[in-house]
Amino acid sequence: MNKRLSLLIPLILVIVSLASSFLIYLQTDRASRASIQKHVLTEAMLQMGGLQNGLYNWLTAGDEQQALLSLSIAATYPSIRTLMLVDENNRVLMANRYSWKGKPASAESGYSDIEAGRIIDTGISGLEFSGSEPTLLQGYFPLITEYKQGGLKKSMGMLYVEYDTSSELQAEKRETIAQALIFAFITLLASALIGILLHMLVTRRVNLLAAVSSRFAEGDYSARTRLQGGDELSVLGRSFDLMAQRMTENMVRQEKQRIFLAEAQQIARFGNWERDLLTGKLECSDEMLRLFAIDASESIPSRDTFLNVVHPEDREWVSQSCFYAKPEKESCQIVHRLLMADGRIKWVEQRCTHHFDADGRVARSVGTVQDVTSREEAALQLSIAAVAFETQEAILVTDKDANIIKVNHAFEMITGYSQEEVLGKNPSLLSSGRQDKTFYRTMWEAINREGRWSGELWDRRKDGEIYPKWLTITAVNNRDKVTHYVAVFTDITGRKKAEEEIYSLAFFDPLTHLPNRRLLMDRMHIALGHSDRSRHCGALMFIDLDHFKVLNDTKGHEFGDMMLIEVARRLALCVRDSDSIARFGGDEFVVLLEDLSANENEAVVQAGAIAEKIRDSLSQTYQIADYAHESSSSIGVVLFNGSGVEVENLFKRADLAMYKAKEGGRNMVRFFEPTMQAMLEARTLMERALRQALPNGELELYFQVQTNQQNALLGAEVLLRWRNPVLGMVPPAEFIPLAEQTKLILPIGQWVLEQACARLRLWETHPVLCNMRLAVNVSPVQFHRPDFVRQVKAILAESGANPRNLELELTENLVLEDVEEAILKMTELKEIGVRFSMDDFGTGYSSLQYIKRLPISQLKIDQSFVRDILTDSGDAMMVQTIVAMAHNFGYEVIAEGVEEHAQLSPLINIGCASFQGYLFGRPVALDDFERMIGTWVER
């Protein structure tokens, strides 16, 4: 009775608190709903009133686009579900969904034609919640959409809006529920406190006696009442405690033995089980449950419980071995897998013995289970290690004293030594002698400090050949002591050669092996900085071989190449080791002299002496094979002192001086003079004219056809030409670099792109030109503009041209200035169909790591390689390499500058399928190009 009373009072309090919480929730929810509806009505009236005025202004002004923009911006308000402008015929003029335009408004929303008519008649806006959908606020706002006949007539429309307030109501409802729950929780705590007090004062002692008795009956032999006092309950409690104490002493001895056995099984990860087939009862140790990750409190251990943990591939086999044995097989020993709940694989070894009844059926089975995961994984690792040891990388294992104890087959192949020849020896027998003792001391210090070392070194094979390798040495520790060292290395001879070839191709002329323009420019910047610091003068020489073309034309390019090689050799003999010689291409050489006198007059004398020495050396007879050739050179020299002058200006001045030497009769040296500055001023005049070229309509587009071996029309490249009334036809090589330097290329480049896209759109109806691509060159200045992608998309959209017929040509250097930016911009344009071609490929320093990431469709072989493909083995090899690389990357290839039939055959043989050049057609104006295409079909 006391127990029931101690529970009844708190229960009544709980019921009252829950009822109160519910009533509070209903009242708060009703007030919140009214507040939200009032707030939404006010905000909607203000918002729609502003939109109503804005639409009236834009629509009566005739600016429907601005009206649509205003409506679209208003429709982004989170609660607006529907926003539309409806005409007098209840059809949608504009809405937040474009597909509704022109449809009946009532078909796409809760719009009511009757309600709209009533609102227009009264002229008063209507805004109220829907009767069928309480969370939906509907609003009708009449407005004039158009004035007609000079304002005498007007067209009325209806701005209709639907606000969905369900999200606000749901949020408020959640807050109301939370408050009600907090109130209920506090009341429940109070009820619990009252119950605890009743329990302690009324029923505690009786419950204690009952609980201790139950615990003891359930096997808890440590349960005691420990009641004190002279009342009957205390006496009864002490009698119970005395009885329990004597029984517990008898149980302790048995428990100690059981714990000892369980600990032994846990340490050995060893469990046991017994199954009685007559009763179906399965008993198992705690360690076995732990091994199988079975919680006995959640499920009763059974045969199926354990089999479910066995790996599915082993389950049938384990079941037959452990539970369905035959009389002739009384015991078994198996190793199998367990598939744990987290996906881990655990290996166990089971041993079991079967006891059979008189009929030969299994009556009882007893077994043990041991975790052997570590043993099995170690065996697997040994197998893997045995296979991995015979890899393509050489592996050498030594003991702690660095004596070789094991090598693999790759070691034998790379070094030439067999395992028998190196066992017991020190790896120093491979040393090439290129690394000194300091190198090896530093290497071993790193191994002893960090446990490993990686680096490049040179070793010697058995046959004496010295080769580079990449070596990694790792110390093997056991119990904090080094027991072995493992060295893994690879022969990087091929990689080193490839790196040298790439570096050579990027920075050196393949014919003369002199630095190219790029490397000399780098050295020039360094020289200017050095001159600025030391205040010593330097000199730059431009050397051009006189009448070199005559030798090429009369004796062929082979003789010309041999002469260029000889010129490079003679130049090297004329200058100091600290000076630089470079070949800029063709028959042009550049010499950079550093550390001349700080006195300008003395520096002029020094530079002049060297220049005369060079001129004299180059004017000596050239014995080329069995042919004696006479030649001379024209040399332009410019002095510099410090970094006060731009590198490009120095080159221009030296170039001008060289041309002055030619004009003076050749075979002479000329220094740059201030009077030559007038030639540079001509550049300023050209810049002024170029600024007016686009407004004056002096620019025009030429087109050069692109075709293939079958003479099919593939496309054309758009080429820019400038025809000035004063300057005449200005070569692109003169005005395009000027346009890039002055940023005039931006409006010019946009104009070219607009004209090309407009032409593509016009050609879409042409029977031949409709499938043709137009390739447009993109300047680096233009490409690196932040809005380049947006500009291209806008031009395509405005012209209506098919993006798939537009191809943008980029140079290697443009892309490699910022690879990540280039990839992002190219990818975004390629997604809409625009193609990309890598122009002048091979003339820059390409990084294959980046080239393969670029979303390009085509590589364009520069005409400088195509021009000498028949006479220059280096150019032929370069073309072949570019074509092979392009095919491996899945790119198309086109060769530009094809001028002779003889050049076509080797290009076709190496897999180049597309061509462009004078052989197929010169760049021509638009009218001439379209006439040529008209006859192209008849070929």
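So the values come out like this:
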read-out: Tally, over the stretch 85-97, of residues that are without any contact (Cβ under 8 Å) to a residue 24 or more places away in the chain and open to solvent by less than 60 Å² (accessible area, probe 1.4 Å); value: 1
read-out: Residue list for the stretch 508-534, filter: hydrophobic (A, V, I, L, M, F, W, C) and open to solvent by 30 Å² or more (accessible area, probe 1.4 Å); value: PHE508, LEU511, MET521, ILE526
read-out: The stretch 214-234 - residue that is of a type in the set (A, V, I, L, M) and modelled with pLDDT of 75 or more and, of those, surrounded by the fewest Cβ atoms within 10 Å (Cβ to Cβ); value: ALA217
read-out: The stretch 922-939 - residue that is surrounded by 18 or more Cβ atoms within 10 Å (Cβ to Cβ) and at pLDDT 90 or above and, of those, nearest to the chain's Cα centre (by Cα); value: PRO923
read-out: Members of the stretch 342-368 found to be among the aromatic types (Phe, Trp, Tyr) and out of contact with any Ser or Thr (no Cβ under 9 Å at 6 or more places or on another chain), listed by number; value: PHE356
read-out: Residue among MET838, MET826 that alone is under 38 Å from the mean Cα position of the chain (by Cα), at pLDDT 90 or above and either under 27 Å from ILE795 (Cα atoms) or assigned to a loop (DSSP other than H, G, I, E, B) (or both); value: MET826
read-out: Among (1) within 22 Å of GLN138 (Cβ to Cβ); (2) at pLDDT 80 or above - the single one ASN57 does not satisfy; value: (1)
read-out: Restricting the stretch 127-155 to residues that are farther than 19 Å from GLN52 by Cα and in contact with a Leu (Cβ under 8 Å, 6 or more places away or on another chain), the residue that is modelled with the lowest pLDDT; value: SER130
read-out: Exclusive hit being within 18 Å of GLY110 (Cβ to Cβ) and open to solvent by less than 60 Å² (accessible area, probe 1.4 Å), set THR60, THR82; value: THR82
read-out: The stretch 458-484 residues that are free of Cβ contacts under 8 Å to residues at least 12 places away in the same chain, paired with ones that are assigned to a strand (DSSP E or B) (beta carbon under 9 Å, 6 or more apart); value: VAL476/VAL397; VAL476/VAL482; VAL476/THR483; VAL476/HIS484; VAL476/TYR485; VAL476/VAL486; ASN478/HIS484
read-out: Only one of GLY102, GLY117, GLY139, GLY110 that is part of a helix (DSSP H, G or I) and open to solvent by less than 70 Å² (accessible area, probe 1.4 Å); value: GLY117
read-out: Listing of strands (runs of 3 or more DSSP E) fully contained in the stretch 611-661 that carry 2 or more residues being open to solvent by less than 40 Å² (accessible area, probe 1.4 Å); value: 622-624, 633-640
read-out: Residue match in the stretch 398-409 (condition: more than 41 Å from the chain's Cα centre (by Cα) and modelled with pLDDT under 80); value: no
read-out: Residue check for ARG773: more than 30 Å from ARG688 (Cβ to Cβ), without any contact (Cβ under 8 Å) to a residue 24 or more places away in the chain, surrounded by fewer than 22 Cβ atoms within 10 Å (Cβ to Cβ) and of a type in the set (D, E, K, R); value: no
read-out: Sole exception among (1) within 30 Å of ARG867 (Cα to Cα); (2) β-branched (Val, Ile, Thr); (3) in contact (Cβ under 8 Å) with a residue 12 or more places away in the chain for VAL550, by number; value: (3)
read-out: Residue in the stretch 721-728 that is β-branched (Val, Ile, Thr), part of a strand (DSSP E or B) and either within 17 Å of MET686 (Cα to Cα) or at pLDDT 95 or above (or both) present; value: no
read-out: Single condition ILE73 does not satisfy, out of (1) of a type in the set (A, V, I, L, M); (2) surrounded by fewer than 16 Cβ atoms within 10 Å (Cβ to Cβ); (3) part of a strand (DSSP E or B); value: (3)
read-out: Positions within the stretch 453-485 being over 19 Å from SER431 (Cβ atoms) and surrounded by 13 or more Cβ atoms within 10 Å (Cβ to Cβ), in sequence order; value: THR474, ALA475, VAL476, VAL482, HIS484
read-out: Residue among SER125, SER155 that alone is surrounded by fewer than 16 Cβ atoms within 10 Å (Cβ to Cβ), under 58 Å from the mean Cα position of the chain (by Cα) and of a type outside the set (D, E, K, R); value: SER155
read-out: Tabulated pairs, the stretch 335-348, first in a strand (DSSP E or B) and surrounded by 17 or more Cβ atoms within 10 Å (Cβ to Cβ), second among the β-branched types (Val, Ile, Thr) and modelled with pLDDT under 85, C-beta under 6 angstrom, 6+ apart or interchain; value: HIS336/VAL318; LEU338/VAL309; LYS346/THR373; TRP347/VAL372; TRP347/THR373
read-out: ALA75 over 30 Å from ALA171 (Cβ atoms) and within 53 Å of the chain's Cα centre (by Cα); value: no
read-out: Residue selected from the stretch 806-823 under the condition open to solvent by less than 20 Å² (accessible area, probe 1.4 Å) and in a helix (DSSP H, G or I), by the criterion farthest from ARG761 (Cα to Cα); value: VAL819
read-out: Among residues of the stretch 683-707, those that are farther than 18 Å from PHE929 by Cβ and open to solvent by less than 50 Å² (accessible area, probe 1.4 Å), counted; value: 6
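Matching residues to (1) at pLDDT below 85; (2) over 34 Å from the mean Cα position of the chain (by Cα):
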{"position": "SER454", "(1), (2)": "no, no"}
{"position": "ASP459", "(1), (2)": "no, yes"}
{"position": "PRO468", "(1), (2)": "no, no"}
{"position": "ARG495", "(1), (2)": "yes, no"}
{"position": "GLU501", "(1), (2)": "yes, no"}
{"position": "LEU505", "(1), (2)": "yes, no"}
{"position": "PHE508", "(1), (2)": "yes, no"}
{"position": "LEU514", "(1), (2)": "no, yes"}
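The values are calculated or read from the model by the stated rules, or taken from the named source; none is laboratory data. Keep in mind it's a predicted model, so treat the numbers as computed, not measured. Virtual Cβ from ideal backbone geometry, glycine too; neighbours counted across all protein chains shown. These area figures cover heavy atoms from the full protein model, side chains too; ligands, DNA and RNA do not enter into them. Shrake-Rupley method; radii C 1.70, N 1.55, O 1.52, S 1.80 Å.
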